[in-house]
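S.K.: Mind looking over this structure? Questions follow.
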Amino acid sequence: MAIAPTEIETPSEARSEDYLWTLNFGPQHPATHTTLRLVLKLEGERVVDAVPEMGYLHSGFEKIGEHLTFNQYVTVTDRMNYISPMANNVAWHHSVETLLGIDLTPRCTYIRTIVAELARISDHLLSNGAVGLDTGAFTYFLYAFYQREVIYDIFETLCGARFTNSYTRVGGVSQDFTPLVIEKTRAFLKTFPKTLNDMERLLNRNRIFVDRTKGVGLLTKEEAINRGATGPVARASGVTRDLRRDDPYLAYSDFDFQVSCASAGDCYARYLVRMQEMRESLKIVEQAIENLPSGPVDVGIDERMALPTKKQVYSTIEGTISHFELSMSNRGFEVPCEEAYAAIEAPNGELGFYLVGDGGEQAYRARCRPPSVLNFAMFPHLIRGHTLSDVVAVLGSLNIIAAELDR
Amino acid sequence: MTDSTETKEPKAVENPHVVALIELCGTVESSTFRNQQRVVVPAEKSLDALSLLKSRGFDLLIDVSCVDYLEYRGAKHRYGLVYLLASTTGHQRLTIRVFVDDPEPTVASVVPLWEAANWLEREVWDLFGIRFTGHPDLRRLVMPEEFTAHPLRKDYPLQGRGERHNFPVITRDHS
């Protein structure tokens, strides 16, 4: 049936939204780095609104956590924030040991502190390198990536794995530091400040970089607190909260270091905070490696929390019993029917696990508190009013890792 | 949370925040484990209680999550929400627990207090099916929109349902 011309409703004037252009950014885009999606509403080149979408990498890590034992699940935490897996390992077992009530040996706390700080350096190298890459500074990215290789080499010498380390164990770590690891770490401590100086000279006063990041993605202190920001994102907005200083876990109370902060709250401030944090991490690693306590790395045999060494198993009765108790499927750890939350200052912010124990081998619930989710949730707030080219700068400065975002 | 023997610990009563919560909600169950203070507030008073705590210095909402106590020994309620609060100035933490039950697990949204709760509550709705009244945009966060179940509930299996082979394959001709 033909429609009479009078029946078609013609609006007297177009609404202002009709001029908006909807752009789908991601999930597969080089500048999103990982699989996340943004639906941008553009007026010309200006972003009017952004709707972030996530879940493309959802793999049910929390559900898996209810079916794997405390030592098995560490392999899954590697895959959460895969640019600093060591920090995730440390965070997971820090929570498990809080729930089980294990006190680590001094050597173990120092070793974990060193690997967590090396992980922080490698994370900040990648996230700052990626901001540089996205804003056109490709050389800078290569400088950063080369140093990540050096850290990978240290980790490889330490535990055999470069990327997915799975280094920690309940009550200890999988491998003790060898003289070669210490030597390589010392060599890194010597060479890295020079590269860091080079990197700062490359980008800190680079006109293009400063123009593209200064005043972009402003986050005020009030908004940072209201939106639950932690880590470098919060500290760049003037929130002086750092769990390493405020709630010293592992061995952080032994070291002298500064909490890096800025007050501007823009992408440039976040970049500067990360640069400064690398220097502070170097200070911590240097103090830790020079004062590394001797003694055992795992907790004692009597506590029955860490697997004894082969020598202990074959030559002592306690070692044999402990190995049997931990290996048999109907034995294992003594898990209290309780709940505990413990967090560490991961490179990205507060990374914690809320664990519920029911007496069994596995956690009854293993909730991960990922810093990326809260950082990504504030993205529309940061980008409104900026141009499309600023999207990559803001996204890079928040350092969103989709595997941790979706879990 | 189980029926903890530490409930009557004198230290827990001394905490001024717990005293303030008792004034607001009547009796509250409070306990400590590994130096972590936990307080259970009734579901209908949860928004008031959290708003009180925000004004008392807990300005940072760390996390909103949930535990399904379906198979937990001695549990009295099905779902237990977890609000982890912290302060950006002094270092203090507090865990607030709110228990809700089937068939319509509902609790007031805390988005009016903290914008941070927006996505965290969406995730809890997505994975546990707990409704947050007053939430501005309660959509699924990580699961696809057409998903019907809440996969972190204990009656949802680890394998089988919701896997790729259960979904219809859309060919080019039928799309």
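S.K.: Say we look at the range A:97-135 and pick out the residues that are out of contact with any helix residue (DSSP H, G or I) (no Cβ under 9 Å at 6 or more places or on another chain) and within 14 Å of another protein chain (Cβ to nearest Cβ); which of these is surrounded by the most Cβ atoms within 10 Å (Cβ to Cβ)?
M.R.: By that ranking, first place goes to A:LEU99.
S.K.: If the requirement is being small (Gly, Ala, Ser), outside any strand (DSSP E or B), more than 13 Å from chain A (Cβ to nearest Cβ) and more than 11 Å from the chain's Cα centre (by Cα), which of these qualifies: B:SER51, B:SER46, B:SER30?
M.R.: Working: B:SER46 fails: more than 11 Å from the chain's Cα centre (by Cα); B:SER30 fails: outside any strand (DSSP E or B).
Result: B:SER51 is the single residue among B:SER51, B:SER46, B:SER30 that is small (Gly, Ala, Ser), outside any strand (DSSP E or B), more than 13 Å from chain A (Cβ to nearest Cβ) and more than 11 Å from the chain's Cα centre (by Cα).
S.K.: For the range A:45-66, how many residues meet the condition of being touching a strand residue (DSSP E or B) at 6+ places or on another chain (Cβ under 8 Å) and either within 11 Å of another protein chain (Cβ to nearest Cβ) or modelled with pLDDT under 85 (or both)?
M.R.: Residues of the range A:45-66 touching a strand residue (DSSP E or B) at 6+ places or on another chain (Cβ under 8 Å): A:45-54, A:56, A:61-62, A:65-66.
Subsequent filtering for residues that are either within 11 Å of another protein chain (Cβ to nearest Cβ) or modelled with pLDDT under 85 (or both) retains A:51-54, A:56, A:61-62, A:65-66.
Of the residues in the range A:45-66, 9 are touching a strand residue (DSSP E or B) at 6+ places or on another chain (Cβ under 8 Å) and either within 11 Å of another protein chain (Cβ to nearest Cβ) or modelled with pLDDT under 85 (or both).
S.K.: Name every residue in the range B:69-85 that is within 8 Å of another protein chain (Cβ to nearest Cβ) and closer than 23 Å to B:GLY134 by Cβ, in order of residue number.
M.R.: Within the range B:69-85, B:VAL82, B:LEU84 qualify.
S.K.: Go through the range B:86-104 and give me each residue that's facing chain A (nearest Cβ under 8 Å) and under 13 Å from the mean Cα position of the chain (by Cα).
M.R.: Within the range B:86-104, B:THR95 is the sole residue that qualifies.
S.K.: Follow-up. Looking at B:GLY129, B:GLY160 in this structure, which one is more than 11 Å from every other protein chain (Cβ to nearest Cβ) and either crowded, with 20+ Cβ neighbours inside 10 Å or touching a Lys or Arg at 6+ places or on another chain (Cβ under 9 Å) (or both)? Write out each step before concluding.
M.R.: On the way: B:GLY160 fails: either crowded, with 20+ Cβ neighbours inside 10 Å or touching a Lys or Arg at 6+ places or on another chain (Cβ under 9 Å) (or both).
After ruling out the rest, the residue left standing is B:GLY129.
S.K.: Can I ask one more? For the range A:220-273, what are the residues that are within 12 Å of chain B (Cβ to nearest Cβ), under 27 Å from B:ASN118 (Cβ atoms), assigned to a helix (DSSP H, G or I) and basic (Lys, Arg)?
M.R.: Passing the criteria: A:LYS221, A:ARG235.
S.K.: A further question follows. Please state which one of B:VAL82, B:VAL39 is outside any loop (DSSP other than H, G, I, E, B) and without any contact (Cβ under 8 Å) to a residue 24 or more places away in the chain.
M.R.: Numbers: B:VAL39 fails: without any contact (Cβ under 8 Å) to a residue 24 or more places away in the chain.
None of the other options fit; the residue is B:VAL82.
S.K.: Are there any pairs, at least 6 apart or on different chains, whose C-beta atoms fall under 6 Å, with the first in the range A:328-357 and within 8 Å of chain B (Cβ to nearest Cβ) and the second among the acidic types (Asp, Glu) and part of a strand (DSSP E or B), and if so, which?
M.R.: Cβ pairs passing all conditions: A:ALA343/A:GLU350; A:VAL356/A:GLU339.
S.K.: Then there's this: In this structure, does A:THR69 turn out to be surrounded by fewer than 20 Cβ atoms within 10 Å (Cβ to Cβ), of a type outside the set (Lys, Arg), in contact with a strand residue (DSSP E or B) (Cβ under 6 Å, 6 or more places away or on another chain) and farther than 24 Å from A:VAL285 by Cβ? Steps first, answer last, please.
M.R.: Numbers: surrounded by fewer than 20 Cβ atoms within 10 Å (Cβ to Cβ): yes; of a type outside the set (Lys, Arg): yes; in contact with a strand residue (DSSP E or B) (Cβ under 6 Å, 6 or more places away or on another chain): yes; farther than 24 Å from A:VAL285 by Cβ: yes.
Yes.
S.K.: Go through the range A:347-378 and give me each residue that's in contact with a Pro (Cβ under 8 Å, 6 or more places away or on another chain) and outside any loop (DSSP other than H, G, I, E, B).
M.R.: Hits for the range A:347-378 are A:GLY349, A:GLU350, A:LEU351, A:GLY357, A:PHE376, A:ALA377.
S.K.: Would you mind finding the one in A:VAL181, A:VAL210 that is buried (at least 17 other Cβ atoms within 10 Å of the Cβ), in a helix (DSSP H, G or I) and free of Cβ contacts under 8 Å to residues at least 60 places away in the same chain?
M.R.: Details: A:VAL210 fails: buried (at least 17 other Cβ atoms within 10 Å of the Cβ).
Exactly one residue qualifies, and that residue is A:VAL181.
S.K.: Spot the failing condition for A:GLU290; the list is (1) within 27 Å of the chain's Cα centre (by Cα); (2) in contact (Cβ under 8 Å) with a residue 40 or more places away in the chain, and only one is missed.
M.R.: All conditions are met except number (2).
S.K.: So which residues in the range B:111-123 are within 20 Å of A:ALA402 (Cβ to Cβ) and either part of a helix (DSSP H, G or I) or away from every other protein chain (no Cβ under 12 Å) (or both)? Break it down stepwise before answering.
M.R.: Going through the range B:111-123, the residues within 20 Å of A:ALA402 (Cβ to Cβ) turn out to be B:116, B:118-120, B:122-123.
Across the range B:111-123, the qualifying residues are B:ASN118, B:TRP119, B:LEU120, B:ARG122, B:GLU123.
S.K.: Please tell me if A:ILE114 is closer than 23 Å to A:ALA161 by Cα, in a loop (DSSP other than H, G, I, E, B) and under 20 Å from the mean Cα position of the chain (by Cα). So that I can check it myself, show each step before the final result.
M.R.: Numbers: closer than 23 Å to A:ALA161 by Cα: yes; in a loop (DSSP other than H, G, I, E, B): no; under 20 Å from the mean Cα position of the chain (by Cα): yes.
So A:ILE114 does not fit the description; no.
S.K.: Please verify whether the range A:326-340 includes one or more residues that are out of contact with any Asp or Glu (no Cβ under 8 Å at 6 or more places or on another chain) and assigned to a helix (DSSP H, G or I). Outline the logic, then answer.
M.R.: Taking the range A:326-340 first, the residues out of contact with any Asp or Glu (no Cβ under 8 Å at 6 or more places or on another chain) are A:326-328, A:330, A:334, A:336, A:338-340.
Okay, now just the ones that are also assigned to a helix (DSSP H, G or I), so A:326-327.
So far as the range A:326-340 goes, yes, one or more of its residues are out of contact with any Asp or Glu (no Cβ under 8 Å at 6 or more places or on another chain) and assigned to a helix (DSSP H, G or I).
S.K.: Just to verify a result, which residue in the range A:248-270, among those that are among the aliphatic types (A, V, I, L, M) and under 28 Å from A:GLU222 (Cβ atoms), is farthest from the chain's Cα centre (by Cα)? Walk me through how you get there before you give the answer.
M.R.: From the range A:248-270, those among the aliphatic types (A, V, I, L, M) are A:250-251, A:259, A:262, A:264, A:269; that's our starting set.
The next check asks that each one be under 28 Å from A:GLU222 (Cβ atoms); those that pass are A:259, A:262, A:264, A:269.
Numbers: A:VAL259: 17, A:ALA262: 20, A:ALA264: 23, A:ALA269: 19 Å.
Across the range A:248-270, the extreme among qualifying residues is A:ALA264.
One line per residue, one yes/no per condition, for (1) at pLDDT below 85; (2) more than 26 Å from A:TYR249 (Cα to Cα):
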site: B:THR27; (1), (2): yes, yes
site: B:VAL41; (1), (2): no, yes
site: B:ASP48; (1), (2): no, yes
site: B:LEU52; (1), (2): no, yes
site: B:GLU71; (1), (2): yes, yes
site: B:ARG93; (1), (2): no, no
site: B:PRO103; (1), (2): no, yes
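S.K.: Separate question: When you look at B:ARG153, is it in a loop (DSSP other than H, G, I, E, B), over 18 Å from B:ILE62 (Cβ atoms) and touching a residue at least 40 places away in the same chain (Cβ under 8 Å), yes or no? Steps first, answer last, please.
M.R.: Numbers: in a loop (DSSP other than H, G, I, E, B): yes; over 18 Å from B:ILE62 (Cβ atoms): yes; touching a residue at least 40 places away in the same chain (Cβ under 8 Å): yes.
For B:ARG153, the condition - in a loop (DSSP other than H, G, I, E, B), over 18 Å from B:ILE62 (Cβ atoms) and touching a residue at least 40 places away in the same chain (Cβ under 8 Å) - is met.
S.K.: So, A:TYR146, is that one buried (at least 20 other Cβ atoms within 10 Å of the Cβ) and part of a helix (DSSP H, G or I) or not? Reasoning before the result, please.
M.R.: On the way: buried (at least 20 other Cβ atoms within 10 Å of the Cβ): no; part of a helix (DSSP H, G or I): yes.
No.
The values are calculated or read from the model by the stated rules, or taken from the named source; none is laboratory data. No experiment lies behind these values; they were computed from the predicted model shown. Cβ: placed from backbone, ideal geometry, glycine included. Neighbour counts: every protein chain shown.
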